[in-house]
Amino acid sequence: MTASSALSAPDPGASTLAIELVGVSKSFGPVQANKDIHLAVRKGAIHGIVGENGAGKSTLMSILYGFYHADAGEIRVNGVTTPIPDSQAAIRAGIGMVHQHFMLVEPFTVLENVILGAENGALLRPSLARARAELKRLEQEYELDVDPDAVVGELSVGHQQRVEILKALYRECDILILDEPTGVLTPAEADHLFRILGHLKEQGKTIILITHKLREIMAITDQVSVMRRGEMVRTLTTSETSPAEIAELMVGRRVLLRVEKGPARPGETLLEVRNLSVTDAKGVARLKSVSFAVRAGEILGVAGVAGNGQSELLEVLAGYAPATSGEVLFKGRPLDLSRHTNADDRRDVGIAHVPEDRHRRGLVMAFAAWENSCLGYHREERLQGGFGTLDRDAIRDLARKGIERFDIRPPSCDLKTANFSGGNQQKIVLAREIEREPEVLLIGQPTRGVDIGAIEFIHNEIVALRDRGKAIVLVSVELDEIQALSDRIIVMFDGAISGERAAGQTDERELGLLMAGIDPGKGRAA
Amino acid sequence: MDLPVVLQLLDSSVRLAAPLLLACLAGLYSERAGIFDIGLEGKMLAAAFVAAATSAYTGSAWFGLLGGMAASILLALVHGLASITLRGNQLISGVAINFLASGMTALIGQSLFGLGGQTPQLDGPQRFGALTLPLAETLHGVPVLGPIWSDLVSGHNLLVYVAFLAVPATWWVLYRTRFGLRLRAVGENPAAVDTAGVSVVRLRYGAVVIAGVLCGIAGAYLSTAMSAGFIRDMTAGKGFIALAALIFAKWRPWPALFACLLFGLLEAVGIRYQGIRIGDFAVPVQLMQALPYVLTVVILAGFVGRAIPPRAGGRPYVKER
């Protein structure tokens, strides 16, 4: 249909490949993001690309989409060598991409976003009319239902992603690249996405799926290529491999997908939450009379689909958002929940916090690692110089110890925080909070955007902290993580606790129902 | 107040609003594309000077207009170079342009004409004269509508009509053309434009140059239509008032028209009602003249509701990493 497929090479062997990368290399300054990459993607296949964070997957795909320019190597589309200097060239070659961070104009409608850059003519009216008709056709064909007149900024993340896919299809792409498409989706939305991808495959489209979730790779791909540290390790046929094999190739050694932990030995109750409620500025109830307790030496997992009050709970406990009503007792003494309190007060009594959003709340990305290693604790006596100054050497020493203990890479405390990978940034935050041996650790999404090697490390540190008799409140949207780490699990739905279970006595199905606000236990009791 | 007085007041509001409107729309194009433009004032001032000087030398207001536009476009390109190509700070670039214009116009004016920074008095074809619209004479006798047509609508110079026609034109460009769609998109999320295969740099330069053209017309209006020559710093903060009007209008063309008319009206009131008394108290002239500036402060302090600027405004576009 597109010009490029008409130009297919006569060689029948070559034309079965939609994409062929030959010896592609790319570096950013001293960092070699892609080293001599060879990749062959078959036409009409779903081809997975897996690797840890920073393995170079996104960079490779950005090169294919013309966002970056490769230092060396060659791109062949449908067997024909095709230089791709910019996104326009990629679109012409029939390549579409759904970026991890959506490339949408939020105040625009769906239609306007779809035609942007692909308008036919200088006036909008005919372009919009044509797009409306085309969208209707695509919707029916691929289960891509979105209201064409909805404002994109008001759509759910799942719908926004469909707009991105529609954008690519409207440009008549034959090859669709999806970069970490399920990271922001609910399980139901992810299932829907996979159905859409299935339809696309039936229509003969080629799909490249970048992910670090092995379950997705096993469920949907035909082939899978594993990348590690900028290199292409191997390409496998999915049906002939196993998650364990892929995981091993990803990290270069065997990893424990399960956390090794002994039984909990809970002690006294450290934190007790009673009827905690939060109503936001718009008058919406975010937390509805939440009550629970955490004891020393146990991990309390807070499960739930994102946006059901977990963030508000963490914010109130960590001291930077006021509660509307209710109380929180720490070792029997009430904590200040008014708007006069702050995170400092919490740290003083021994409550540490690893925020959900480390970029915005856990770290100052422009600071060097050593500067971040003391943020929030910079008033400690041992870090003071004299005359109101900070003792830089003392802070650096502390940072170096943290880097060593938490195996932070690269081991340089003078490197800018933004230049560490996601997993290592998280380790900087953890090192800071755990180093003080807090009585209670509040931890939100500990392994979001963190690679497998670092996940294992972080999980072990959390368990070790528990075994030292500390109480841990773990908020995570990853059910696997909640199940692997928690001793007890509470599930949040719509601002309230929809159920509590002992970790050993529940399963994914039951937790999943609780996450949807349905309590299966209640049905049985009645 | 009777009709003739109201009409007179509105008539002078229109005259005073015209340059604000042109500058405001200039800012609208630029800021909708994500380039903050503090330098409206400087571009207008430079255009006012070059227009008056060119007109004085050539004897034609039209050459003056072209000269003014050229000067303004030149400064706009400097702003573009600093903030788009070199990815500098847009506010600082704008401030620099204001200083540059203020200093250079006075300096060059003095060395060319030796009149303390002024240009010679312009008259006749060196200025844009009043136009009489068709039927203005015949309809004059018709009650109410007649005077409105012949006194308020008719009898302005060409550039006033240009300013007011620029409002629907801007609306049309912004919301009905491909260029407008892309322009609005690049001010919100340049990465989306880039990945859609459209050049962010070219779009932003386009917007900045349009801002230059409009500021050029505004400047020429000040020195060759509203006044009869250039006076040092004759823009007197109009560029900043236009920015306030732009915020007041939330970066939309039709509200920009009303915002500028409001500022024009306040200025007209300040000029007309000098020395009015409330009881025994004589309201100082300065207080009346300060009205537009007071409103500016009120608007910028956020008393008129939250104005959300284009999301990518003020930030140079760099691909991630």
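The values are calculated or read from the model by the stated rules, or taken from the named source; none is laboratory data. Keep in mind that this is a model prediction, so the values were computed, not measured. For neighbour counting, all protein chains shown are included, and Cβ atoms are generated from backbone atoms with ideal geometry for every residue, glycine included. Note: areas computed on protein heavy atoms with side chains; ligands, DNA, RNA excluded. Shrake-Rupley method; radii C 1.70, N 1.55, O 1.52, S 1.80 Å.
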>> Using the Karplus curve 6.51 cos²θ - 1.76 cosθ + 1.60 with θ = phi - 60°, what ³J(HN,Hα) values do you get for each residue of the stretch A:277-289, in whole Hz, with x for Gly and Pro?
In response: 10, 9, 10, 7, 4, 7, x, 8, 6, 9, 10, 10, 6
>> Let me check something: with ligands and nucleic acids excluded, how do B:ASP151, B:ASP11 order by accessible area (1.4 Å probe), largest to smallest?
In response: B:ASP151, B:ASP11
> Tell me, in nm to one decimal, what length is gained between B:ARG176 and B:GLN289 on full extension, where the rule is 0.36 nm per residue of separation less the Cα-Cα distance?
Replying inline: 36.7 nm
> Looking at B:LEU122, A:GLY388, A:VAL259, which one has the Cα that reaches farthest to the positive end of the dipole of the protein assembly as shown (charges on Cβ: Lys, Arg +1; Asp, Glu -1)?
Replying inline: B:LEU122
> Which one of A:PRO181, A:THR221, A:PHE420 is farthest out on the positive end of the charge dipole of chain A, using unit charges on Cβ (Lys, Arg +1; Asp, Glu -1) and the Cα centre as origin?
Replying inline: A:PHE420
> Once amide H atoms are built 1.01 Å from N in the peptide plane, which residues 5 or more positions from A:ARG228, or in another chain, come under 5 Å H to H?
Replying inline: A:VAL233
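Relative to the compact-globule scaling 2.2 N^0.38 Å, provide the ratio for the alpha-carbon radius of gyration of the stretch B:3-300.
After normalising by residue count via 2.2 N^0.38 Å, the value is 1.03.
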> For the stretch A:153-230, rounded, prolate or oblate, judged on the Cα gyration tensor with a ≥ b ≥ c (square roots of eigenvalues), a/c < 1.5 rounded, else prolate if a/b > b/c?
Replying inline: oblate
>> Per q in 0.08 Å⁻¹, report the Debye log10 I(q)/I(0) for the stretch A:3-251, using one uniform scatterer on each alpha carbon and no solvent.
In response: -0.30
>> With +1 assigned to the C-beta of every Lys and Arg and -1 to the C-beta of every Asp and Glu, and no other charges, what is the dipole magnitude of the stretch B:1-107 about the Cα centre in debye, to the nearest 20?
In response: 300
> Suppose every K and R has +1 on its Cβ and every D and E has -1 on its Cβ; what is the size of the dipole of the protein assembly as shown about the Cα centre, in Debye to the nearest 20?
Replying inline: 920
> Where Rh is the Kirkwood radius over the Cα pairs of chain A, the temperature 20 °C and the viscosity 1.002 mPa s, what D in µm²/s does Stokes-Einstein return?
Replying inline: 85
> To the nearest 10 square angstrom, how much accessible area does A:ARG195 have with a 1.4 angstrom probe?
Replying inline: 110
>> Averaged across A:118-130, how many Cβ atoms of other chains sit within 10 Å of each residue's Cβ atom?
In response: 3
> Quick one: Debye curve from the C-alpha atoms of the stretch B:133-220, no solvent, what's log10 I(q)/I(0) at q = 0.16, 0.23, 0.24 Å⁻¹?
Replying inline: -0.75, -1.08, -1.12
> Which pairs break 28 Å Cα to Cα here: A:LYS416/B:LYS319; A:LYS282/A:LYS331; A:LYS35/A:LYS416; A:LYS26/A:LYS201; A:LYS57/A:LYS470?
Replying inline: A:LYS282/A:LYS331; A:LYS26/A:LYS201; A:LYS57/A:LYS470
> So how much accessible area does A:ILE443 have, in Å² to the nearest 10, using a 1.4 Å probe?
Replying inline: 0
> To the nearest whole number, what is the average tally of beta carbon atoms from other chains within 10 Å of the beta carbons of peptide B:183-190?
Replying inline: 4
> Which whole-number percent is the relative contact order of the stretch A:474-524 (Cα, under 8 Å, 6+ apart)?
Replying inline: 28
> Counting Lys +1, Arg +1, Asp -1, Glu -1, what net charge surrounds B:LEU40 among other residues with beta carbon under 15 Å of its beta carbon?
Replying inline: -1
> How far apart, in nm, are two points set 7 Å out from the Cα along the Cα-to-Cβ line at A:ASP71 and at B:LEU300?
Replying inline: 4.8
> Once a ≥ b ≥ c are taken as the square roots of the eigenvalues of the Cα gyration tensor of the stretch A:105-160, is the result rounded (a/c under 1.5), prolate (a/b larger than b/c) or oblate (a/b not larger than b/c)?
Replying inline: oblate
> If you count, for each residue, the other Cβ atoms within 10 Å and average over each peptide, how do B:241-252, A:479-490 line up from highest to lowest?
Replying inline: B:241-252, A:479-490
> Along the charge dipole of the stretch B:3-300, which of B:LEU295, B:VAL95, B:TRP149 sits closest to the positive end, that is, farthest toward it, with unit charges on the beta carbon of Lys, Arg, Asp and Glu (+1, +1, -1, -1)?
Replying inline: B:VAL95
> How many angstrom lie between the C-alpha centres of the stretch B:79-102 and the stretch A:398-424?
Replying inline: 38
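Just checking the output field for A:86-96: average partner chain Cβ neighbours within 10 Å of each residue's Cβ?
Taking the mean over all residues of the peptide, I get 2.
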> Considering amide H positions built from the backbone, and no H for Pro or chain starts, which residues 5 or more places from A:LEU17, or on another chain, come under 5 Å of its amide H?
Replying inline: A:LYS43
>> Just to make sure I understand: if all protein chains stay in place, what is the order of B:TRP149, A:TRP370, B:TRP172 by accessible area at 1.4 Å, largest first?
In response: B:TRP172, B:TRP149, A:TRP370
> What is the antiparallel percent of DSSP beta bridges lying wholly in the protein assembly as shown, to the nearest 5?
Replying inline: 60
> Let a ≥ b ≥ c be the square roots of the eigenvalues of the Cα gyration tensor of the stretch B:84-200; is it rounded (a/c under 1.5), or, if not, prolate (a/b larger than b/c) or oblate?
Replying inline: oblate
> Counting DSSP beta bridges in the stretch A:3-251, what percent are antiparallel, to the nearest 5?
Replying inline: 55
> Which residue fluctuates the most in chain B, going by a Gaussian network model with Cα springs under 10 Å, if the choices are B:ILE278, B:ILE210, B:ILE148?
Replying inline: B:ILE278
> Listed highest first by mean packing, meaning other Cβ atoms within 10 Å per residue, what order do A:170-183, A:414-427 come in?
Replying inline: A:170-183, A:414-427
>> Going by amide H atoms built from the backbone, whose H comes under 5 Å of the H on B:ASN157, apart from near neighbours?
In response: B:LEU131
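For an R0 of 30 angstrom, estimate the FRET efficiency from the Cβ-Cβ distance between A:SER239 and A:VAL259 and round to the nearest 0.05.
Calculated transfer efficiency: 0.55.
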